[in-house]
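*Asks:* One structure coming up, written as structure tokens, with questions to follow.
The values are calculated or read from the model by the stated rules, or taken from the named source; none is laboratory data. Nothing here was measured: the structure is a model prediction, and the numbers come from that model. In this analysis, Cβ positions are derived from the backbone assuming ideal geometry, glycine residues included, and neighbour counts consider all displayed protein chains. Ligands, DNA and RNA are stripped out before the accessible areas are found, and what is left, the full protein with its side chains, is counted by its heavy atoms. Shrake-Rupley method; radii C 1.70, N 1.55, O 1.52, S 1.80 Å.
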Amino acid sequence: MLKIAVLVSGGGTNLQAIIDGIKNRTIMNTEISVVISNNEGAFALERARSSRLEAVCISPKNYEDRESFNEALLKKIDEYNVDLIVLAGFLVKIPEKLVEKYEGRIINIHPSLIPSFCGVGYYGLKVHEAALARGVKVTGATVHFVDSGMDTGPILLQKAVCVEEGDTPQTLQRRVMEQAEWQLLPQAINMIASGKVFLGSKK
Ligand code: GRF
């Protein structure tokens with residue numbers, strides 16, 4: 001059984017896709033051990049609770065400094081002894097210690113075809129605004145392993161989505177989610193759970 005922690009900050013539609021994937025068995029052999037949000041108001045926490053999942057908030061606001069927040073986050077994740085950490089719209093820079101300890105065991109979903117529209121400052125609607133401003137005709141989503149850079153780790157899966165005439169950042173974001181993100185993230189987890197992708201050994 002692949003034990004996962006899902007880290008979230010917002011609406012949690014990607015979390016929902018994982019919950020549904022486990023329920024309908026498109027994701028095999030996987031259990032969500034904990035959902036962690038940095039933001040108490042995240043609707044993702046409600047989604048987790050209504051599916052009777054362990055849901056906790058670790059907010060930087062409740063810690064003296066970044067260092068103590070980072071330590072609390074690492075400690076909380078360690079408590080669950082998970083095999084994989086899934087960043088599903090987690091808007092916090094992953095602490096270096098966490099990346100080191102869980103090397104090769106953290107995946108992220110990014111709403112563009114990396115290396116386009118990624119890196120510092122490209123999150124949420126900004127990614128889609130930039131894609132529209134550049135006038136690309138195709139965008140998409142990427143699932144990648146997390147290393148110490150911003151969106152720089154090895155790519156696991158990508159899916160292209162067409163930009164349509166008259167798109168706004170909002171309509172494009174929705175299409176990328178529906179046609180790419182909600183399929184790719186469950187698919188990536190299933191690949192890992194079924195041993196098609198090798199994870200590094202636990203530290
Ligand atoms: C998604 O677009 C994801 O790619 C990005 O943040 C958004 C999260 O949406 N990293 P949700 O909270 O899963 O609905």
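*Asks:* For region 1-40, which positions are within 9 Å of the ligand (Cβ to nearest atom) and among the β-branched types (V, I, T)?
*Replies:* V8, T13, listed by residue number.
*Asks:* Which pairs have Cβ atoms under 7 Å, sit 6 or more apart or on different chains, and link a residue in region 50-73 that is more than 23 Å from E100 (Cβ to Cβ) to one that is in a helix (DSSP H, G or I) and open to solvent by less than 100 Å² (accessible area, probe 1.4 Å)?
*Replies:* Correct list of pairs: S51/I19; A55/L45; A55/A48; C57/L45.
Yes/no matrix, rows are residues, columns are (1) within 30 Å of K76 (Cα to Cα); (2) more than 10 Å from the ligand (Cβ to nearest atom); (3) surrounded by fewer than 16 Cβ atoms within 10 Å (Cβ to Cβ); (4) within 16 Å of the chain's Cα centre (by Cα):
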{"residue": "P95", "(1), (2), (3), (4)": "yes, yes, no, yes"}
{"residue": "L98", "(1), (2), (3), (4)": "yes, yes, no, yes"}
{"residue": "E103", "(1), (2), (3), (4)": "yes, yes, no, yes"}
{"residue": "H144", "(1), (2), (3), (4)": "yes, yes, no, yes"}
{"residue": "S148", "(1), (2), (3), (4)": "yes, yes, yes, yes"}
{"residue": "T152", "(1), (2), (3), (4)": "yes, yes, yes, yes"}
{"residue": "V161", "(1), (2), (3), (4)": "no, yes, no, no"}
{"residue": "L185", "(1), (2), (3), (4)": "yes, no, no, yes"}
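*Asks:* Just a yes or no: is a residue in region 189-198 within 16 Å of the ligand (Cβ to nearest atom), within 22 Å of K93 (Cα to Cα) and either open to solvent by less than 20 Å² (accessible area, probe 1.4 Å) or assigned to a loop (DSSP other than H, G, I, E, B) (or both)?
*Replies:* Yes - at least one qualifying residue is present in region 189-198.
*Asks:* Only one of these is more than 13 Å from the ligand (Cβ to nearest atom), of a type in the set (A, V, I, L, M, F, W, C) and open to solvent by 30 Å² or more (accessible area, probe 1.4 Å): L156, L73, L125. Name it.
*Replies:* L156
*Asks:* Would you pick out the residues in region 163-183 that are open to solvent by less than 50 Å² (accessible area, probe 1.4 Å), within 12 Å of the ligand (Cβ to nearest atom) and acidic (D, E)?
*Replies:* E181 - this is the single residue of region 163-183 that is open to solvent by less than 50 Å² (accessible area, probe 1.4 Å), within 12 Å of the ligand (Cβ to nearest atom) and acidic (D, E).
*Asks:* Assess whether I114 counts as being aliphatic (A, V, I, L, M), in a loop (DSSP other than H, G, I, E, B), touching an Asp or Glu at 6+ places or on another chain (Cβ under 9 Å) and under 30 Å from G166 (Cα atoms).
*Replies:* Taking the combined requirement at face value, the residue satisfies it.
*Asks:* Sticking with this structure for a sec: Condition check: in a strand (DSSP E or B) and surrounded by fewer than 19 Cβ atoms within 10 Å (Cβ to Cβ). Does L132 satisfy that?
*Replies:* In short, no.
*Asks:* Do we have any residue at all in region 127-136 that's touching a residue at least 24 places away in the same chain (Cβ under 8 Å), under 19 Å from I4 (Cβ atoms) and among the aliphatic types (A, V, I, L, M)?
*Replies:* No; the residues of region 127-136 include none that is touching a residue at least 24 places away in the same chain (Cβ under 8 Å), under 19 Å from I4 (Cβ atoms) and among the aliphatic types (A, V, I, L, M).
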